[in-house]
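First the structure, in the form of structure tokens, and then the observations on it.
The values are calculated or read from the model by the stated rules, or taken from the named source; none is laboratory data. None of the values given here were measured: they were computed from a predicted structure. All Cβ positions, glycine included, derive from the backbone under ideal geometry; neighbour counts span all protein chains shown.
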Amino acid sequence: MSKKEKIPVHRMEDWFARVYLKSFGSVKPFGPSYEISEAHRHDFYYCVLLNEGEMDLEVDFKHIRLGNHTIFFSYPGQVHRIISARLKQGWFLAFDPLIIDEQLKNILDQCLSEVMIISLAAERSAELSAFIGHLDTVYHNPNERFRQTIVHSIVTAFVYQVASAYLTNEQLELNKHPARHVEITKLFKQILRQNFRLMKRPSEFADRMNITVSHLNDTVRSVTGFAVTYFIQQEAMREAQRLLRYSELSVKEVAQSIGFDDAQYFSRLFRKVIGVAPGAYRKNEDTNYFKNILP
């Protein structure tokens, strides 16, 4: 891959059934190897079930620390790296978005957080670990009839359980809002995740959702505290930050890759949202500039 190309993308062509599964059980602290220490993005969903241990990682310039009985779940396209870890017991799981059903994909796309971090009771952590253990048995048994179908079914069932745990926690925060307001906000987030390169105006989202711009904006603000424009700009600028930091694309090329034909307008917007011009951002290694990208 040439330096001019975009951020390294780790793909899954060589994995059985387009699923990657690995247990860990080392008590030895480590600085991660090339594959995980270099900032990269996946074209797949990525999950860590940490039954026991610690992990520090960076996702889209935000530092995250995981501890015992925690699930971490990230989306395709996010840039991340593992900084350090002390992994005593748990699992890594990654899988192609194509293997899960449309309902589950919609549920994941409508989650309001940029990553899922779920704290579990010890008993529930052990149950989910055992569930993945069954997946591991099938995954590594070439004599299992219908092995690929079974693997896909178990992965889907596991992710439904992860989504259920996340949404249970999320709902505690959303219960104070009318159900229709939450529904509109989640649908907006789903459409934004899937179309941020193409759709830049609140009116485009409102038209897609068959509601007025004012209703969309008032609803999203009431649930999240932020206006629709804020999320549109954050999603685009997050991708711009990834490309500016981890590729050698010119500012103009970065702008074009995320749907801005006018590079000067892109530069002004980037400076407004991030607080520094794109060129200065690229040169500056101070991670303080990266703190405010996520809501």
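Might you check whether a residue that is part of a loop (DSSP other than H, G, I, E, B), farther than 22 Å from Leu98 by Cβ and either not assigned by TED's automatic domain parsing to the domain that holds Ile100 or not acidic (Asp, Glu) (or both) occurs anywhere in region 190-200? Checked region 190-200: at least one residue is part of a loop (DSSP other than H, G, I, E, B), farther than 22 Å from Leu98 by Cβ and either not assigned by TED's automatic domain parsing to the domain that holds Ile100 or not acidic (Asp, Glu) (or both). Within region 97-147, being over 21 Å from the mean Cα position of the chain (by Cα), of a type outside the set (A, V, I, L, M, F, W, C) and not in a helix (DSSP H, G or I) holds for His140, Asn141, Pro142, Asn143, Glu144, Arg145.
Could you grab me the full set of residues in region 86-116 that are touching a Pro at 6+ places or on another chain (Cβ under 7 Å) and over 20 Å from Tyr160 (Cβ atoms)? Passing the criteria: only Arg86. Asn284 meets each of the listed conditions (1) more than 21 Å from the chain's Cα centre (by Cα); (2) modelled with pLDDT of 95 or more; (3) surrounded by fewer than 18 Cβ atoms within 10 Å (Cβ to Cβ) apart from (2). Evaluated against (1) surrounded by fewer than 19 Cβ atoms within 10 Å (Cβ to Cβ); (2) assigned to a loop (DSSP other than H, G, I, E, B), Glu58 falls short on exactly one condition, (2). Restricting the first member to region 148-160 and to residues that are assigned by TED's automatic domain parsing to the domain that holds Thr137 and more than 14 Å from Glu102 (Cα to Cα), and the second to residues that are surrounded by fewer than 20 Cβ atoms within 10 Å (Cβ to Cβ) and of a type outside the set (S, T, N, Q), the beta-carbon pairs closer than 6 Å and six or more apart or on different chains are Gln148/Ala17; Ile150/Val138; Val151/Ala17; Val151/Val138; Phe158/Phe131.
Only residues that are in contact with a Leu (Cβ under 7 Å, 6 or more places away or on another chain) and either surrounded by fewer than 18 Cβ atoms within 10 Å (Cβ to Cβ) or closer than 15 Å to Gln234 by Cα (or both) were counted in region 271-281, giving 1. One residue stands out among those in region 61-96 that are assigned to a strand (DSSP E or B) and among the polar types (S, T, N, Q): the one that is nearest to Val159 (Cα to Cα), which is Ser74. You will find that of Gln234, Gln241, the residue that is part of a helix (DSSP H, G or I), touching a Pro at 6+ places or on another chain (Cβ under 7 Å) and touching a residue at least 24 places away in the same chain (Cβ under 8 Å) is Gln234 and no other.
The set of residues in region 31-85 being of a type in the set (Gly, Ala, Ser) and modelled with pLDDT of 80 or more consists of Gly53, Gly67, Ser74, Gly77, Ser84, Ala85. Taking region 256-270 as the range and being under 16 Å from Gln234 (Cα atoms) and either surrounded by 15 or more Cβ atoms within 10 Å (Cβ to Cβ) or in contact (Cβ under 8 Å) with a residue 24 or more places away in the chain (or both) as the test, the residues that pass are Ser257, Ile258, Gly259, Phe260, Phe266, Ser267, Leu269, Phe270. The residues of region 105-130 that are touching a helix residue (DSSP H, G or I) at 6+ places or on another chain (Cβ under 6 Å) and free of Cβ contacts under 8 Å to residues at least 60 places away in the same chain, listed by number, are Met116, Ile118. The residue of region 70-96 that is farthest from Ala126 (Cα to Cα), among those that are of a type in the set (Gly, Ala, Ser) and within 13 Å of the chain's Cα centre (by Cα), is Gly77.
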